[in-house]
Amino acid sequence: MDGFAKYLVRRFFQFFLVIFLGVSLAFLITNLSPVDPVEQSVSLMTSFGATDPRSVELMRSALEELYGLQGTMLDQYLSFWGRVLRGDFGPSLSAFPTPVMSLIMGALPWTIGLLTLALIITWSLGNLLGALAGYYRSNVLLKLSGAAVMALHPVPAYIIGLVLLLAFGFIWPVLPISGGAQMNLQPGFTFEYIRSLILHGTLPALTLVLVGIGSWFISMRSLVSNIVTDDHVVYAELGGVNSSKIFSQYVARNALLPQLTGLALSLGNVFGGAVITEFLFNYPGVGRLLIQGIYRGDYSLVLGVTTMSIISVAVAVFIIDLLYPLIDPRVRLG
Amino acid sequence: MFKILRDLLRYNIEFTIGFILTLAIFLFALAHFWAPMPDTAIYLLPPDMPPSAEYWFGTTSRGQDVLWQMSSAIWNTMLFGLSVTILSRLFAVAVGMISGYLGGKWDEFLMTINDTMIALPNIPILLLVYFVMRDQMSWPVLALTAALLGWNYDARLIRSVTLSLRNREFTRHAVFAGMSVPQILVRQHLPYVMPVIFFTAMNNLIWAIGLEVTLSVLGFSDINRPTIGGMIYWANQHQAIIAGIWWWIAFPIIAVVLLFLGLFLLAISVNEYIDPRSRLSRMGA
């Protein structure tokens, strides 16, 4: 078997393992917890007034069936897998009777759009600045921008988002701070709608960029400053290759490989930041859906969003892994 | 130890700033033991008082002193962060060292699990845990959950250090001298792994505190126990921004940013101290 096929098989195995363990984990957390979701939903619904005990009993068995909580633990586990594979998490309790899956499918494009855009900007800008800062170590401007992005990087997404929201929503109100697009506009490829989309996405995307850029900057700078002292770079410098070519072809290209692996590894974390950012800016993605589900006690929605986000992150990681051999010839040749 | 500290304070400006910031915030948090009122009591003081000589940072809409709330809040937040860090270091060291030293099938098995854990998104899983635990969610449970999710990057790093120690001469000597595997790991290898543990601990602490702030800002922790995120949660609940009670939100944000800045400066300067290459470049080599 050649190197490429071996690589593919390994990645494929890892991909399935992530999904298998992630879905099993979601099942275990919900089943081993001391809190019974059925009782919770029942008490949520009966808290608005007295209900006939018989109808409570009916509701309880209906909910048990809905949540797949009948039979032994193994039966429940298998039926959970069945529901995951069919993409059927039952109806949402807070938006009854809309199926959870159609809520998720409505929200997913927003999250994917926001995250992809923010990730591309963060990754390329962070790596470019980091590489330049590692190569031209004495440049004052690069040092200053490096200090700025590094100081922002440990601050949680919520805090950065909140400061941006206060700054551009209250102190200097120039950007919309809530929603994904203007409410009264018809979605479509019109100038108005796209402009509104971009304006509404600016602050959430900026939050994600500011949170993420520092770690790329730091790791790229240290990678580049190590490569600069490598023999092949010293040789090229002695041989009179011009410095912009050394920078792009000899240094940055080599340093990008571990950064691509880093991108795949960081996706889970980035997704977490997006959940918080979406909620803060009331952005109509899966993150807001998840947090709203928790506030409303919507068991099937929370379980559905968690499971789907584990699967989506795994798919995204797998796609990046597939891109890797295109850039690194060593994987192709084995 | 003190000599290292003195040298770092003298020659490394990042360390000095980070050290002073963190120390100041720690002392401020320590002061909550002498607070004039219990930190969970509400409506003790006149609400919504702006910062004044009597209430330095003002009071909240719930009749609490922002200054003393912050003092307790930072203490609780740091306590959470440290618990997560210590717990997750135990996991990371155990998995990393065993995987690196044993190698072969064990290494492959442990690292496959490890890589799988890395690919799982933490926040949705933590939120799911909170959702099913609800009122039974206390901060030690949250800390344990966070620790279980926060060890895997560092386990990989520790593994790579142990991997390089495995083939060194002294390891072979120890094996021939009849030391058992746990003895070799603890007595021979641990001292070499210690700097990595220390550096990852700083990063993990920052991560854990960020996680705590995030979760409690959303109200997903014990909301009656003061924490930095919890203060912002209550301020949002009372619409503090719209009502113009800016001090309720501004001071916690400033505190948390200063805390992160201090810890982060400590982390990078400690990393620089551990990695001799960056020390050389500082000297201009």
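Have a look at A:275, A:270 and point out the one that is within 9 Å of another protein chain (Cβ to nearest Cβ) and either buried (at least 24 other Cβ atoms within 10 Å of the Cβ) or not in a helix (DSSP H, G or I) (or both).
That would be A:275, the only listed residue that is within 9 Å of another protein chain (Cβ to nearest Cβ) and either buried (at least 24 other Cβ atoms within 10 Å of the Cβ) or not in a helix (DSSP H, G or I) (or both).
In this structure, is residue B:101 hydroxyl-bearing (Ser, Thr, Tyr), in a helix (DSSP H, G or I) and closer than 30 Å to residue A:296 by Cβ?
Considered against the rule, which asks whether it is hydroxyl-bearing (Ser, Thr, Tyr), in a helix (DSSP H, G or I) and closer than 30 Å to residue A:296 by Cβ, residue B:101 comes out as no.
So residue B:81 clears everything in (1) at pLDDT below 90; (2) farther than 26 Å from residue A:15 by Cβ except one condition, right? Which one?
Here residue B:81 clears every test but (1).
Pull up region B:224-244, narrow it to residues that are in a loop (DSSP other than H, G, I, E, B) and more than 13 Å from chain A (Cβ to nearest Cβ), then point me to the one that is surrounded by the fewest Cβ atoms within 10 Å (Cβ to Cβ).
Within region B:224-244, the match that is surrounded by the fewest Cβ atoms within 10 Å (Cβ to Cβ) is B:224.
What number of residues in region B:186-209 are within 14 Å of chain A (Cβ to nearest Cβ) and either of a type in the set (D, E, K, R) or in contact with a Gly (Cβ under 9 Å, 6 or more places away or on another chain) (or both)?
6
For region A:136-147, which positions are more than 9 Å from chain B (Cβ to nearest Cβ), in contact with a helix residue (DSSP H, G or I) (Cβ under 9 Å, 6 or more places away or on another chain) and not in a helix (DSSP H, G or I)?
Passing the criteria: A:136, A:139.
A quick yes/no check of all residues on (1) touching a residue at least 60 places away in the same chain (Cβ under 8 Å); (2) not in a loop (DSSP other than H, G, I, E, B):
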residue	(1), (2)
B:144	no, yes
B:147	yes, yes
B:154	yes, yes
B:171	no, yes
B:209	yes, yes
B:214	yes, yes
B:221	yes, no
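I'm trying to understand the selection: among the residues of region B:4-22, which are closer than 10 Å to residue B:265 by Cβ and surrounded by 13 or more Cβ atoms within 10 Å (Cβ to Cβ)?
B:12, B:14, B:15, B:16, B:17, B:18, B:19, B:20, B:21, B:22
Of all the residues that make up region B:37-63, how many are without any contact (Cβ under 8 Å) to a residue 12 or more places away in the chain and closer than 20 Å to residue B:75 by Cβ?
So the answer is 2.
Mind checking which residues of region A:148-195 are outside any loop (DSSP other than H, G, I, E, B), away from chain B (no Cβ under 11 Å) and crowded, with 20+ Cβ neighbours inside 10 Å?
Within region A:148-195, A:149, A:164 qualify.
Would you say residue A:316 is in a helix (DSSP H, G or I) and at the interface with chain B (Cβ under 9 Å from one of its Cβ atoms)?
no
Condition check: surrounded by fewer than 20 Cβ atoms within 10 Å (Cβ to Cβ) and closer than 26 Å to residue B:210 by Cα. Does residue A:265 satisfy that?
Judged against the criteria, residue A:265 is a match.
The values are calculated or read from the model by the stated rules, or taken from the named source; none is laboratory data. From a predicted model like this one, the values you see are computed outputs, not experimental measurements. Note: ideal-geometry Cβ built from the backbone for every residue, glycine included; neighbour counts use all protein chains shown.
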